[in-house]
């Protein structure tokens, strides 16, 4: 018999938005209630283990985010937020059904269960555009969860364009919201990292310039702006445009004079500065 899905928030007696300090206080209180040395007549080992697991999960930001995604799916599947009783892995009608909504939710379910390769395989079989399909048949929050996990999967596979596609789907939708979801900032950072780093300037300067322009649209810190300006200077130099390269280099120097590798570039463009 499968172990029922545990609502860790209910187990600790805290709200979903509980802070780290609230979690610690609730954890200590629950330990006192169930620990054999703290007032209980008999050890409640199973309950104690669940409380420990709940605190460990919710006090780790990454683990808590993964758990919250799975919990939302469980709530939607049950249709009742106060009764999370079905097994986390017992959703055969979701994973096997050919109905459009269930096909979309099956992909999210597989992603939440860390079966991303299988989810990506099913994604390819969806009719029309995959993003449009998921957006149509998933709730807005479900779509964001699915897109983020797909971006993570493709990033791990070093499939930069596909990862960027899903991250930018999130950013495009979240920009329209007055109150953005917690994953927005991390998604933005991931997209910028993919756009700015690991660029083959020498072989593909025009492609690199296009990536840098996309990165600027996400909003850059002063250091990031300096790095983009330096990379742009390298691109223009590779394209045989030293005047444009010098203009970009001057901007990089103004923003962050101690940027790594900037002196060598300055030497190559000294006659144009």
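Any read-out appearing in this document is the output of simple, stated calculations on the displayed coordinates, not a laboratory observation. Since the model is a prediction, treat every value here as computed from it, not as a measurement. No Cβ is skipped: glycine too gets one built from the backbone with ideal geometry, and neighbour counts run over all protein chains shown.
What is the diffusion coefficient of segment 143-273 in µm²/s, taking the Kirkwood radius over Cα pairs and the Stokes-Einstein relation at 25 °C with a viscosity of 0.890 mPa s?
Result for D is 156 µm²/s.
So how many Å³ per residue does the convex hull of the Cα atoms of segment 199-273 work out to?
77
If a paramagnetic tag sat 7 Å from the Cα of residue 203 along the Cα-Cβ line, which residues of segment 143-166 would have the backbone N under 11 Å from that point?
Once the point is set 7 Å along Cα→Cβ of residue 203, nothing inside segment 143-166 turns out to lie under 11 Å by backbone N.
Return the FRET efficiency for the residue pair residue 263, residue 101: r is the Cβ-Cβ distance, R0 is 45 Å, and the value is rounded to the nearest 0.05.
Rounded to the nearest 0.05, the efficiency is 0.20.
Using a Förster distance of 35 angstrom, determine the FRET efficiency expected from the C-beta separation of residue 243 and residue 193, and round it to 0.05.
Taking R0 as 35 Å, the efficiency between residue 243 and residue 193 is 0.70.
Once fully extended, how much extra length lies between residue 176 and residue 273, figured as 0.36 nm per residue of separation less the alpha-carbon to alpha-carbon distance?
30.7 nm
What is the gain in length, in nm to one decimal, between residue 115 and residue 165 on full extension, counting 0.36 nm per residue of separation less the C-alpha to C-alpha distance?
16.0 nm
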